[in-house]
Amino acid sequence: MVKLSKRLQGIADYINKGSRAADIGSDHALLPVYLIQNGLCSFAIAGELNDGPFLAAKKQVAAAGQTSKITVRQGDGLQVIEPGEADTVTIAGMGGSLMTGILEAGRIAGKLQGVSQLVLQPNVGEDAVRIWLLQHEWVLTQEMIVEEDGKIYEILVAVPEAVSELTNAEVYDGSILNSGRDQEQQLKLLLRLGPHLLREGNAVLLKKWQSELTKLERIAAQLGESSQPEAALKKAQFREEMNQIKEVLVCLQTDKL
Ligand code: SAM
């Protein structure tokens with residue numbers, strides 16, 4: 001039996017039981033094999049673009065004796081599925097902009113038809129994924145943040161607006177930030193830090209953003225050394241953004257932790 005990492009287990013735990021899942025960018029197909037071995041899905045597709053991971057996925061599925069329930073397909077993003085073929089799509093372990101590119105190309109090609117759940121784990125650029133969901137009638141219903149081997153990962157779960165019990169207005173209700181920010185600033189912060197994660201106020205979230213702020217400080221200092229006129233403006237914007245994040249973190253520490 002396949003044993004998943006904490007990150008992949010977090011993803012598996014969100015997947016609707018009995019669904020037909022497509023795991024895009026599946027690499028060794030560990031997730032589809034786990035889902036089938038544990039009776040969580042009736043059928044799964046492992047999609048891979050690149051030769052090495054595609055062959056590794058095929059090997060893993062064959063070794064697990066699951067070729068009748070898992071099909072391994074080579075192709076770019078959601079091209080590997082037919083409209084209506086999968087009801088849950090998982091994409092994990094890649095950057096947010098690659099992920100939104102895959103989702104957008106799939107949406108245009110009609111591949112998200114019949115998909116009732118997206119479980120996404122971007123390694124970076126989580127805000128880009130939240131923005132894409134918001135702009136394309138998906139509601140971010142759940143979020144999770146996990147730390148494993150010194151790395152921090154966020155898992156985002158979304159369902160189509162038409163069937164969601166939550167609305168995007170509720171998810172992105174800025175009143176949780178309880179301050180004098182305008183709506184645009186509130187939305188920006190919620191998209192960046194994660195609305196459910198902020199409501200929950202987890203210690204791992206605090207750790208992540210303390211580390212992100214250190215990185216941002218370094219970039220701001222580099223901008224400070226530049227003599228380019230735009231650098232000063234950029235630095236001021238940067239500082240403002242950092243101050244906003246710091247304020248939220250202070251509230252998080254006092255309110256939730
Ligand atoms: N999903 C697995 C996980 O989270 O452990 C593997 C993540 S691995 C870092 C990213 C995988 O995505 C690689 O195997 C890569 O070949 C694949 N990939 C990258 N771009 C892709 C695309 N456009 N379509 C399908 N797979 C892609």
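The values are calculated or read from the model by the stated rules, or taken from the named source; none is laboratory data. All of these numbers come straight from a predicted model, not from anything done at the bench. As a convention, Cβ positions derive from the backbone with ideal geometry for all residues, glycine included, and neighbour counts pool all protein chains shown. These accessible areas exclude ligands, DNA and RNA; they are computed on the full protein's heavy atoms, side chains included. Shrake-Rupley method; radii C 1.70, N 1.55, O 1.52, S 1.80 Å.
Here are the numbers for the structure shown:
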{"read-out": "Unmet requirement for residue 111, which otherwise passes all of (1) more than 24 Å from residue 153 (Cβ to Cβ); (2) within 22 Å of the chain's Cα centre (by Cα); (3) part of a strand (DSSP E or B); (4) not hydroxyl-bearing (Ser, Thr, Tyr)", "value": "(3)"}
{"read-out": "Scan of the stretch 12-44 for residues that are acidic (Asp, Glu) and surrounded by fewer than 17 Cβ atoms within 10 Å (Cβ to Cβ), ordered by number", "value": "13"}
{"read-out": "Criterion: touching an Asp or Glu at 6+ places or on another chain (Cβ under 9 Å), under 30 Å from residue 135 (Cβ atoms) and surrounded by 19 or more Cβ atoms within 10 Å (Cβ to Cβ) - qualifying residue of 114, 77, 47", "value": "47"}
{"read-out": "Checking residue 2 against (1) open to solvent by 60 Å² or more (accessible area, probe 1.4 Å); (2) in a loop (DSSP other than H, G, I, E, B), the condition it does not meet", "value": "(1)"}
{"read-out": "Qualifying residue in the stretch 228-240 (condition: in contact (Cβ under 8 Å) with a residue 24 or more places away in the chain and aromatic (Phe, Trp, Tyr))", "value": "no"}
{"read-out": "Selected residue (only one of 208, 234 is under 21 Å from residue 153 (Cα atoms) and either open to solvent by 80 Å² or more (accessible area, probe 1.4 Å) or of a type in the set (D, E, K, R) (or both))", "value": "208"}
{"read-out": "Residue in the stretch 177-194 that is buried (at least 20 other Cβ atoms within 10 Å of the Cβ), in contact (Cβ under 8 Å) with a residue 24 or more places away in the chain and at positive phi present", "value": "yes"}
{"read-out": "Strands (runs of 3 or more DSSP E) fully within the stretch 24-102 counting 3 or more residues that are near the ligand (Cβ under 9 Å from one of its atoms) and touching a residue at least 40 places away in the same chain (Cβ under 8 Å)", "value": "88-94"}
{"read-out": "In the stretch 3-23, residue nearest to the chain's Cα centre (by Cα) [restricted to those that are within 12 Å of the ligand (Cβ to nearest atom) and not small (Gly, Ala, Ser)]", "value": "11"}
{"read-out": "Given (1) over 9 Å from the mean Cα position of the chain (by Cα); (2) farther than 20 Å from residue 19 by Cβ; (3) among the small types (Gly, Ala, Ser), number of the condition residue 68 does not satisfy", "value": "(2)"}
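A quick yes/no check of all residues on (1) charged (D, E, K, R); (2) touching a residue at least 60 places away in the same chain (Cβ under 8 Å); (3) closer than 30 Å to residue 113 by Cβ; (4) assigned to a helix (DSSP H, G or I):
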{"site": "166", "(1), (2), (3), (4)": "no, no, yes, no"}
{"site": "169", "(1), (2), (3), (4)": "no, no, yes, yes"}
{"site": "208", "(1), (2), (3), (4)": "yes, yes, no, yes"}
{"site": "222", "(1), (2), (3), (4)": "no, no, no, yes"}
